[in-house]
1. Assuming 0.36 nm per residue, please report the length gained on full extension of the stretch residue 24 to residue 46 beyond their Cα-Cα distance.
2. Between residue 10 and residue 36, what is the spin-label point distance in nm, taking each point 7 Å from the Cα along the Cα→C-beta axis?
């Protein structure tokens, strides 16, 4: 293996052990459902989705996407 590749692998391993180096501020995803393509976004730490108002009001607050914590709220396993 070339030494420059070994160095990059070692650097990636160090970065993987430091998740605080990354902060996802904005994220947009689409999910194709049976009747509709749904848009889900994370903007400045706040989740939102394009569900119509009637559907949102029928959900219990704990069931909605916005109730899920940011990825950094989950504990990391030592092996991750």
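1. Values: separation 22, 0.36 × 22 = 7.92 nm, distance 1.12 nm.
Between residue 24 and residue 46, full extension yields 6.8 nm more.
2. 5.3 nm
Read the figures in this text as sums done on the coordinates, not as results from a lab. Here the structure is a predicted model, which is why all the values come from computation and not from measurement. Neighbour counts run over all protein chains shown; Cβ positions are idealised from the backbone, glycine included.
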